[in-house]
Amino acid sequence: MDTPADADPAADGAPAVVETHSALIILYGDEAHKVRKRIDLGFLDNTTVGARAEQSRREVELNSRLAPDVYGGVLEVRGPDGDVIDHVVRMRRLPSRRSLEALVRSRAAGTSRADDPDLVAGVKEVGRQLDHLHAASPRSEEVAAMGAPDAVAGLWRESIGQLRRLSVGEDAPEIVDDVEWLAGEYLRGRERLLRARVGAGRVVDGHGDLLAADIYLEDDGPRVIDCLEFDDRLRFGDAVLDAGFLAMDLDRLGARDLAEAFLEAYRDFSGDDAPSSLVHHYIGYRALVRSKVTAIRADQSGSAGAQARDALKLADRAVDALLRARVRLVLVGGVSGSGKSTLAAPLAVALKAELLRSDDLRSDVPADQGGGRYSEEAIAAVYTRMLDMAGDMLAMGRSVVLDATWLDPRRRAEAETVAADAHAELVEVACTAPRGELVRRIEQRRRAGSDPSEATVAVLGRQLAGLAPWPDAIEVDTTELDPRSADAVRVWAERNLGPLPWA
């Protein structure tokens, strides 16, 4: 119910009024009464008694799915002549200090109390309840349609258009432009992913507005209230779109650990192994929606102050999430012994990407009588197979790290085509080391016999003799960056590739 973030926990029970962009909530004693504003926001029109009555009834009906003991029904307000002039939702008042937002802020401020609930356990239970809501969601063509590529693109267009017409969008059009381009580029390459999500039944009738301020961690479990009731179309969508709202909000509050715990719990309960890119894409959409709602409040109050600044921060968060959602095709190459395989593995972890190694695929390619598995024909077969597999993964929203030499410019051109077809970002990394170190590593690897690479010092000599320039690559000297350190690789990746996925 959007309880003020600075609400005094000691004031629970005292009379108060909370204002949102579309309603007023009157708090008195142990009850709360919600009165809708008589406004038309474009996406929400409550200017008539009938519209407010319908939205009030829908609010009670839909929120009873997750909080049946909170919603007490709809009251009629009658005028002097006995006619119904308005409707009020009657609710049980929830303790403001037990809202998830208030608890997170208390933790950050160091003012948590001994009897405060366990936040990690609380958000995990919310993940379980959300999974149950989604599992019980009726499946229909109408619901499924909202997860289709055109519908998802339409949601972005609608919110971007609305934000552009608000003062925040007018003041910072470049941020909105970034959101529009990044979201569009992701969707242009992910039609197969979105259609697969629809086919797998991952499009649901969810909550639609899952904010930390509307989750209360009571002693007997969470109460999740205030779902989106005014437009079914905005409540229908991918399950990850629903979960992404709370993940975004917790991250906004500085509680990324809780966002990760919530998403992990939801994944475990639901079995939904959505790619990280899709999670971040929908986190970005939710940040944009929240930016729009905050901008509306700023315009309603005629203020260019805190709310306008918050709207801009949320729009920036949308950009940040969309940067983390980028699907990447990463070529990690270099001559034998350059450390490319040692770097590729932790880099794939940092990017939450799939890892394909040419050495692993080469073992499935039969050797010919001429050049063995390193003949031109055998090498071409390995690269073709590797790029075919990568193309399928990119289409499904999964970044891919390809560990191979990438010494031939023709192979790199083929990879560039695969990335372009999938609207994925191509990243090229060339590993290097002094020749003496290269030889030492190859000989050490051969003695150990634990690596699938069949490269020899003779193979290295041929590679070095025919080495072609790689002007588009980020060069990494693996004697300076320790590729065995996951932390060092992640820091390097953040510095060179920008925001990395965390969800």
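Read the figures in this text as sums done on the coordinates, not as results from a lab. Given the structure is predicted, the values throughout are model-derived calculations rather than measurements. Positions of Cβ are generated from backbone atoms using ideal geometry, with glycine treated the same way; all protein chains shown enter the neighbour counts.
Between the helical axis of 256-270 and the longest alpha-carbon principal axis of the chain there is an angle of about 90 degrees. Assuming a ≥ b ≥ c are the square roots of the Cα gyration tensor eigenvalues, decide whether segment 122-229 counts as rounded (a/c under 1.5), prolate (otherwise, with a/b larger than b/c) or oblate. The shape class here is oblate. Per-residue ellipticity at 222 nm from helix content only, as computed over the chain with -39500 (n - 2.57) for each DSSP H run of at least four residues, stands at -16000 deg cm²/dmol. Averaging the Cα positions of each part gives two centres, and for segment 17-62 and segment 398-467 these lie 61 Å apart.
Here the residues 293, 123, ranked from fewest to most Cβ neighbours within 10 Å of their Cβ, fall in the order 293, 123. Calculate how steeply helix 119-135 sits against the longest principal axis of the alpha-carbon atoms of the chain, using the helix alpha-carbon long axis, and give the answer as 0 to 90 degrees to the nearest 10. It works out to around 90 degrees. Among 88, 427, sorting on how many other beta-carbon atoms sit within 10 Å of each Cβ, with the fewest leading, yields 88, 427.
Over the C-alpha atoms of segment 96-324, the Rg to Rh ratio, Rh being the Kirkwood estimate, stands at 0.96. When each of the peptides 145-152, 316-323 is scored by the mean number of other C-beta atoms lying within 10 Å of its residues, the order from highest to lowest reads 316-323, 145-152. The Kirkwood hydrodynamic radius of segment 1-134, based on inverse pair distances between different Cα atoms, is 16.7 Å. Summarising the label geometry, the points placed 7 Å from Cα in the beta-carbon direction at residue 69 and residue 376 lie 7.7 nm from one another. With coordinates expressed along the principal axes, the C-alpha atoms belonging to segment 328-497 extend over 38, 35, 30 Å, beginning with the largest. Within a straight-line Cα-Cα reach of under 13 Å, residue 37 can be paired with the following aspartates and glutamates, leaving aside sequence neighbours fewer than 8 residues apart in one chain: 19, 45, 86.
Fewest-first ordering of 91, 393 by other beta carbons within 10 Å of each residue's beta carbon gives 393, 91. Give the angle, between 0 and 90 degrees and rounded to the nearest 10, that separates the Cα long axis of helix 276-301 from the longest principal axis of the Cα atoms of the chain. The answer is roughly 40 degrees.
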